[in-house]
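Since every read-out is calculated from the coordinates, none of them should be taken as a lab result. As the structure is a computational prediction, the values presented were derived from the model and not from experiment. Neighbour counts are summed over all protein chains in view; Cβ atoms, including those assigned to glycine, are modelled from backbone coordinates with ideal geometry.
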Amino acid sequence: MTARPVRAGILGCGMVADEYATTLNTNASVHLTACADLNHEQALAFAARHDCAALPVDTLLNPQSVDLLVILTPPRTHAELAEQAITARIPAVWVEKPVTTDPRAATALIAQAAKAGTLLGVAPDTLLGPALETAAAALRDGLIGDVRSAAATLLSTGPERWHPSPAVFYAQHAGPLGDMGPYYLSALDFLLGPLQVSAATARRRAERRIRSGPHAGQAFSADAPTYVAALLETGDSVPVTLTASFDAAATHTPHLEIHGTKGTLVLPDPNFHDGEILHRPYGSREASALPQTVIGLPSSRGAGVLDLAEALREERAPLCTAERAARTVHLTHAILHAASPSLPAQPPRQDTAPTTSH
């Protein structure tokens with residue numbers, strides 16, 4: 001790479017793309033040059049908002065157009081599009097979570113990228129924010145002693161409350177586990193190491209109703225489980241409970257708690273980069289906020305893309321690794337298989353899908 005800014009392109013111009021673009025446009029080392037979407041009118045509108053070119057998808061999937069491709073399309077398209085970008089020899093590829101919907105595809109994608117020399121980074125990038133960095137430092141320093149257990153809890157009414165077209169979040173391989181689970185599982189992997197499944201259960205509340213936008217009041221069906229509870233464990237046999245639900249009206253339960261021999265850490269929602277970290281020492285009735293670790297990256301979606309761009313310049317691995325992302329895909333499918341043993345441990349691979357954004 002030369003000293004010029006890394007040319008980034010966004011594939012998929014849905015709601016989250018605006019957040020990414022805002023982050024990328026704040027950094028002089030990255031230039032958002034182009035975008036593409038199956039809905040070209042949507043790409044044109046996005047390009048006008050963020051001062052970049054709207055290209056056909058095939059034109060964007062070319063190293064002559066970009067140095068770094070950001071894939072923000074629906075999950076079922078991630079494997080195919082990432083493979084196309086790697087085959088085209090685009091130097092760096094960033095994929096929204098989950099990296100794929102198939103564990104075998106995730107493993108194959110990592111091998112393909114390594115063989116081609118393509119840098120592959122995968123969301124979530126919230127582990128680059130001050131909240132998880134602060135928690136990681138506290139654990140490394142032994143603030144709460146030896147970890148004895150942990151709990152992760154996502155209790156929500158579901159995206160139909162705020163998203164005008166929420167059905168995609170309830171498609172097969174989505175639901176609270178497939179859509180939001182990567183934030184929680186990646187955070188646990190980052191803080192405690194790789195996990196394995198001991199037991200799980202899942203249920204589905206099939207009928208849903210859109211609560212916002214032009215289709216408010218319209219009913220739709222959920223294909224994915226809307227409530228999942230799992231018992232996991234780390235390599236050191238530390239038990240971890242995970243609950244992910246789109247069926248809860250409200251909750252006061254912490255998103256993440258880690259319990260040790262000397263105290264407890266309470267973490268904020270891992271869907272976001274920042275938030276208060278509370279520490280309650282053993283025997284104390286009071287919790288106090290920990291000073292936040294200072295980081296150099298913005299606390300917003302797209303921070304991982306900025307790191308990937310720097311990794312491309314510095315010829316190093318990105319911090320948001322595809323290996324961790326692949327572990328979360330394997331874990332997600334292991335949870336669903338444990339919850340419903342009749343499901344295959346490895347789903348049939350889906351290689352062909354439209355490239356519309358979400």
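For the stretch 127-289, with only Lys/Arg (+1) and Asp/Glu (-1) charged at the beta-carbon, what is the dipole magnitude about the Cα centre, in debye rounded to 20?
Its charge dipole is roughly 500 debye.
For a quick check: sort Lys115, Lys262, Lys97 by the number of other beta carbons within 10 angstrom, fewest at the front.
Final ranking by Cβ density, sparse to dense: Lys115, Lys262, Lys97.
Among Gly129, Pro103, Leu32, which residue has its Cα furthest toward the positive end of the charge dipole of the chain, with +1 on Lys/Arg Cβ and -1 on Asp/Glu Cβ?
Pro103
Using the Cα centre as the reference, give the magnitude of the dipole from point charges on the C-beta atoms of the chain (Lys, Arg: +1; Asp, Glu: -1; all else neutral), rounded to the nearest 20 debye.
Computed charge dipole of the chain: roughly 460 debye.
Got a sec? How would Thr23, Thr201, Thr253 order by Cβ neighbour count within 10 Å, fewest to most?
Listing Thr23, Thr201, Thr253 from fewest to most nearby Cβ atoms yields Thr253, Thr201, Thr23.
Once you place label points 7 Å from the Cα toward the Cβ at Ala48 and Glu19, how far apart are they in nm?
Label-label distance for Ala48 and Glu19, simple model: 2.5 nm.
For the pair Thr241/Leu143, report the inter-label distance in nm, with labels modelled 7 Å from Cα in the Cβ direction.
Taking the two extended label points, one gets 2.4 nm.
Can you tell me the FRET efficiency between Thr59 and Gln172 if r is taken as the Cβ-Cβ distance and R0 is 30 Å, rounded to the nearest 0.05?
Here the calculated transfer efficiency is 0.45.
Computed over the Cα atoms, what is the radius of gyration of the stretch 184-272 divided by 2.2 N^0.38 Å, N being its residue count?
1.35
Provide, as a two-decimal number, the C-alpha radius of gyration of the stretch 164-204 over 2.2 N^0.38 Å, N being how many residues it has.
Cα-based Rg divided by the globular estimate yields 1.39.
Across all directions of projection, what mean area in square nanometres is found for the Cα convex hull of the stretch 1-71?
4.3 nm²
Compute the length gained on full extension between Ala28 and Ala287: take 0.36 nm times their separation in residues and subtract their Cα-Cα distance, giving the result in nm to one decimal.
89.2 nm
Given R₀ = 25 Å, what would the calculated FRET efficiency be for Thr201 paired with Arg104, taking r from the Cβ atoms and rounding to 0.05?
0.50
Can you give me the three principal axis dimensions of the stretch 119-177 from its C-alpha atoms, in Å, biggest first?
44, 33, 20
Compare the peptides 279-292, 315-328, 175-188 by average per-residue count of other Cβ atoms within 10 angstrom and give them in order, highest first.
Ranking, from highest mean packing down: 175-188, 315-328, 279-292.
More than 19 angstrom separation, counting every C-alpha pair in the stretch 127-289; what % is that?
57 percent
Counting DSSP beta bridges in the chain, what percent are antiparallel, to the nearest 5?
55 percent
Would you order Trp162, Trp94 from fewest to most other beta-carbon atoms within 10 Å of each residue's own beta-carbon?
The fewest-first ordering by Cβ neighbours comes to Trp162, Trp94.
Over the Cα atoms of the stretch 48-173, each weighted equally, I'd like the Debye log10 I(q)/I(0) at q = 0.12, 0.15, 0.21 Å⁻¹, rounded to two decimals.
-0.67, -0.94, -1.20
What is the dipole size for the stretch 1-141, taken about its Cα centre, with +1 at each Lys and Arg Cβ and -1 at each Asp and Glu Cβ, in debye to the nearest 20?
360 debye
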